[in-house]
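Q: Sending over a structure as structure tokens; questions will come in a sec.
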Amino acid sequence: MEEVILVDQNDNAIGTMEKMEAHQKGLLHRAFSVVIFNSSGEILLQKRAQSKYHSAGLWTNACCSHPLPDESMEEATRRKLKQEMGIDLKAEFAYKFIYHTTLGNELTEHEYDHVFTGIFDGKPVINTNEVEDWKFISPKQLRIDVKLNPENYTYWFKLILAEDRLGALYSEKQN
């Protein structure tokens with residue numbers, strides 16, 4: 001039974017709860033999204049496995065999950081990035097935001113999402129229990145496809161794209 005960290009509106013931990021129960025009750029909890037670029041400025045996407053309990057088969061950022069209780073965000077991002085994509089990388093914190101949306105299966109995402117970034121030029125070795133496919137794509141091509149096919153992308157990833165900070169995030173990685 002994997003637990004998530006429940007938080008208040010200021011990201012202060014207020015307890016823990018089993019992950020599915022937190023999503024069924026729609027309680028605010030800590031999460032993270034890792035956005036990976038290659039040195040050409042393309043973004044690494046993963047297509048979530050069909051077996052995922054929500055957002056199955058949708059394209060999203062390189063890695064997204066929840067830190068375990070008593071696990072730092074840095075440890076969690078490194079653990080999940082390696083577990084899902086076979087990438088051993090220390091991602092760097094960029095910013096955080098809160099979002100709330102209703103998903104299928106009577107689940108609700110209400111997350112305090114911490115966005116991390118990194119640079120990777122290799123070929124991921126995906127965990128097929130977590131990831132169905134992957135690709136690098138230019139930010140321009142990505143924005144066009146999201147506009148034409150929004151149903152193919154996760155809710156939180158569209159919010160990250162809507163922030164229009166990808167260029168700035170990539171530039172920060174280059175300096």
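Q: Quick check: pseudo-label points 7 Å beyond the Cα along Cα→Cβ at residue 123 and residue 72, how many nm apart are they?
A: About 3.4 nm, to one decimal.
Q: Reported to two decimal places, what Rg/Rh ratio describes the range 52-92 when computed on Cα atoms with Rh from the Kirkwood expression?
A: 0.98
Q: Follow-up question, since we're still on this one. In degrees, nearest 10, range 0 to 90: what is the angle between the Cα axis of helix 73-85 and the longest Cα principal axis of the chain?
A: On a 0 to 90 degree scale, this one is about 60.
Q: Still on this model: For the range 9-32 and the range 58-73, compute the distance between their C-alpha centroids and round to whole Å.
A: When both Cα centres are located, 13 Å separates them.
Q: Please give the per residue volume of the convex hull enclosing the alpha carbon atoms of the range 111-152, rounded to a whole number of Å³.
A: 141
Q: Shifting gears a bit: Ignoring solvent entirely, what values of log10 I(q)/I(0) come out of the Debye formula for the chain at 0.08, 0.10, 0.18 Å⁻¹ when each Cα is a single scatterer?
A: -0.22, -0.35, -1.23
Q: Accessible area per residue of the chain at 1.4 Å probe, in Å²?
A: Ligands and nucleic acids excluded, the result is 48 Å² per residue.
Q: Using 7 Å Cα-to-Cβ label points, what is the residue 50/residue 97 separation (nm, one decimal)?
A: 3.2
Q: Straight-line reach from residue 158: which aspartates and glutamates have Cα under 16 Å away, leaving out those fewer than 8 places along the same chain?
A: 109, 111, 113, 145
Q: With everything on Cα atoms, drop me the angle between helix 139-148 and the longest principal axis of the chain, reported from 0 to 90° to the nearest 10.
A: With both axes taken from Cα atoms, the answer is about 60 degrees.
Q: Measuring from label point to label point, each 7 Å out along Cα→Cβ, what is the residue 20 to residue 149 span in nm?
A: A separation of 3.1 nm, rounded to one decimal place.
Q: What are the aspartates and glutamates whose alpha-carbon lies under 17 Å from the alpha-carbon of residue 90, with same-chain residues fewer than 8 places away excluded?
A: Of all the aspartates and glutamates, those that pass the test against residue 90 - Cα under 17 Å, at least 8 places apart if same chain - are 71, 74, 75, 121, 172.
Q: Starting from the amide H of residue 5, placed 1.01 Å from N in the peptide plane, find each other amide H under 5 Å away whose residue is 5 or more places distant or on another chain.
A: Answer set, sorted by chain and number: 30.
Q: Which net charge results for the neighbourhood of residue 80, defined as the other residues with beta-carbon distances under 14 angstrom from its beta-carbon, given Lys and Arg at +1 and Asp and Glu at -1?
A: On the way: positive: 19, 30, 48, 52, 78, 79, 82, 90; negative: 2, 71, 74, 75, 84, 88, 113, 130.
Taking every Cβ under 14 Å from that of residue 80, the sum is 0.
Q: Leaving ligands, DNA and RNA out of it, report the carbon-plus-sulfur percent of the accessible area of the chain at a 1.4 Å probe.
A: Answer for the chain is 47 percent, counting heavy atoms of protein chains only.
The values are calculated or read from the model by the stated rules, or taken from the named source; none is laboratory data. Please read all numbers here as calculations on a predicted model, not as lab measurements. When we count neighbours, we look across all protein chains shown, and the Cβ atoms used for this are built from the backbone with ideal geometry, even at glycine. Areas reflect the complete protein model, heavy atoms only, side chains present, ligands, DNA and RNA absent. Shrake-Rupley method; radii C 1.70, N 1.55, O 1.52, S 1.80 Å.
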